[in-house]
1. When you scan the stretch 144-257 for strands (runs of 3 or more DSSP E) that lie fully inside it, which ones turn up with 1 or more residues that are farther than 30 Å from residue 71 by Cβ, among the basic types (Lys, Arg) and free of Cβ contacts under 8 Å to residues at least 60 places away in the same chain?
2. Could you grab me the full set of residues in the stretch 38-53 that are assigned to a helix (DSSP H, G or I), at pLDDT 95 or above, within 23 Å of the chain's Cα centre (by Cα) and not charged (D, E, K, R)?
3. Taking the condition of being modelled with pLDDT of 95 or more and surrounded by fewer than 20 Cβ atoms within 10 Å (Cβ to Cβ), how many residues in the stretch 211-225 meet it?
4. List, please: which pairs have Cβ atoms under 9 Å, are six or more places apart or on different chains, and start with a residue in the stretch 262-285 that is free of Cβ contacts under 8 Å to residues at least 60 places away in the same chain and end with one that is among the small types (Gly, Ala, Ser)?
5. Go through the residues of the stretch 112-125 one by one and say whether even a single one is of a type outside the set (D, E, K, R), within 21 Å of the chain's Cα centre (by Cα), more than 30 Å from residue 5 (Cβ to Cβ) and within 16 Å of the ligand (Cβ to nearest atom).
6. Any idea which residue in the stretch 56-71 is nearest to the ligand (Cβ to nearest atom), counting only those that are surrounded by fewer than 19 Cβ atoms within 10 Å (Cβ to Cβ) and without any contact (Cβ under 8 Å) to a residue 60 or more places away in the chain?
7. What residue, among those in the stretch 102-111 that are assigned to a strand (DSSP E or B) and of a type in the set (A, V, I, L, M, F, W, C), is farthest from the ligand (Cβ to nearest atom)?
8. Consider residue 143 carefully, then state whether it is of a type in the set (Ser, Thr, Tyr), surrounded by 24 or more Cβ atoms within 10 Å (Cβ to Cβ) and more than 9 Å from the ligand (Cβ to nearest atom).
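The values are calculated or read from the model by the stated rules, or taken from the named source; none is laboratory data. Since this is a predicted model, take the numbers as computed values, not measurements. Positions of Cβ are backbone-derived with ideal geometry, glycine not excepted, and every protein chain shown enters the neighbour counts.
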Amino acid sequence: MIENKILTEIKKLTSAIIETSSNLNEIKKNLDKIHNHFKNITEISGFDFKVEYLAAIPAEKGKALGLNYAAQCLLDYKRTEKFLKAIILAIKEKQKDNPGEIINIFYAGCGPYAPFITLVAPFFNSNEIQFCLLDINKTSLESAKKLINSLELSNYVKEFYLADAVTFKIPNPDTFHILISETLDALLFRESYVPIIFNLLPQFPKNITLIPENVCLNLNLLSNFEKSSKCTEYKIETILNVQEALLSRKHNLAIPSQLSDKKINLSTLKIDHSKSVLLDTRVHIYKDIWLNRNESSLTIPVEIELKEPSENNFIVFTYFLTPNIELRYRFE
Ligand SMILES: C[S@@+](CC[C@H](N)C(=O)[O-])C[C@H]1O[C@@H](n2cnc3c(N)ncnc32)[C@H](O)[C@@H]1O
């Protein structure tokens, strides 16, 4: 039974977001209203001009984005809508599979608004779901605590951890059912999703549900690029599949400083000025819920210039985890 007036309104707004199938305007309007409440309670808007809110925070591998940008994620409308739908669905499915059990959720990278608890918890009782929250950013974690207390949701939280998810050792990992870590950027650039998954996932039971469950970087060829009305596209190759990279990793080894090279034969592509090559980030959130191209800042494609590769037969992609997290390519 929800008695907190603001929480009642937030639940109503969230219900409309997860029930609306394609009305983006409605979703925007409701998330903006939720943002207004969160801003008033936390005194963090995501657009505050404070140097410490802008600075990225170095993790063991990669960087956590600054607090302003973490707050703004709430307003990445399609992303938030799809993640909320996925998380609520995943919890319901875990309940079906584990009748009578409390569903324990580890939320790595909660940000200042912790939307995947503050917007999700009202749909369940605290004797049905329990969360552990972690963030590397002290101000984010304090803000999430303040918001959770103010919305009277603290009975849904077991622990708050101020820690780096790339190195964190989880207490009692066997008790968890779901791991959430939206620590992504387009092309898996800079943020720590890959090392976080490499560190956390093997600690949990095998049947843990990970959200997002996978991310792939695909290389696509666009033909007739200049006459865009007849532009055709096909996938050349997957450059990086995070789940496959994780599976191919030898057990108990330290997180590598780079992943295996991916070499693409350019001569077969017959590149000329009518063709273009795109790198696409495919975010598989859960089951049939995907974040499609350009639906979110996470899925903006990046064009690669392949001018005159005449003396180069190959393009080689490498995903680096140190010194910075980034996908680089070279011609050979
Ligand atoms: C993209 S934001 C998402 C925030 C929030 N979950 C949401 O969906 O709006 C990612 C959050 O993860 C945190 N983060 C990134 N890398 C981290 C790491 N290595 N350890 C702990 N937290 C991290 C950042 O500080 C940030 O708050």
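1. On the way: elements: 157-162, 178-180, 209-211, 214-223, 232-241.
Per the criteria, 232-241.
2. In the first step, residues of the stretch 38-53 are kept if they are assigned to a helix (DSSP H, G or I); the result is 38-42, 51-53.
If we keep only those that are at pLDDT 95 or above too, we end up with 38-42.
Narrowing further to those that are within 23 Å of the chain's Cα centre (by Cα): 38-39, 42.
Result: 38, 42.
3. Summing the residues that are modelled with pLDDT of 95 or more and surrounded by fewer than 20 Cβ atoms within 10 Å (Cβ to Cβ) in the stretch 211-225 gives 4.
4. If the second residue must be among the small types (Gly, Ala, Ser), the pairs left are 274/223; 275/223; 276/223.
5. First pass over the stretch 112-125, keeping only residues of a type outside the set (D, E, K, R): 112-125.
Those still in the list that are within 21 Å of the chain's Cα centre (by Cα) too: 112-121.
Remaining after also requiring more than 30 Å from residue 5 (Cβ to Cβ): none.
There is no residue in the stretch 112-125 that is of a type outside the set (D, E, K, R), within 21 Å of the chain's Cα centre (by Cα), more than 30 Å from residue 5 (Cβ to Cβ) and within 16 Å of the ligand (Cβ to nearest atom).
6. 69
7. To start, the set of residues in the stretch 102-111 that are assigned to a strand (DSSP E or B) comprises 103-108.
From what is left, the residues that are of a type in the set (A, V, I, L, M, F, W, C) are 103, 105-106, 108.
Details: 103: 18, 105: 12, 106: 12, 108: 6 Å.
The qualifying residue farthest from the ligand (Cβ to nearest atom) is 103.
8. Values: of a type in the set (Ser, Thr, Tyr): yes; surrounded by 24 or more Cβ atoms within 10 Å (Cβ to Cβ): yes; more than 9 Å from the ligand (Cβ to nearest atom): yes.
Yes.
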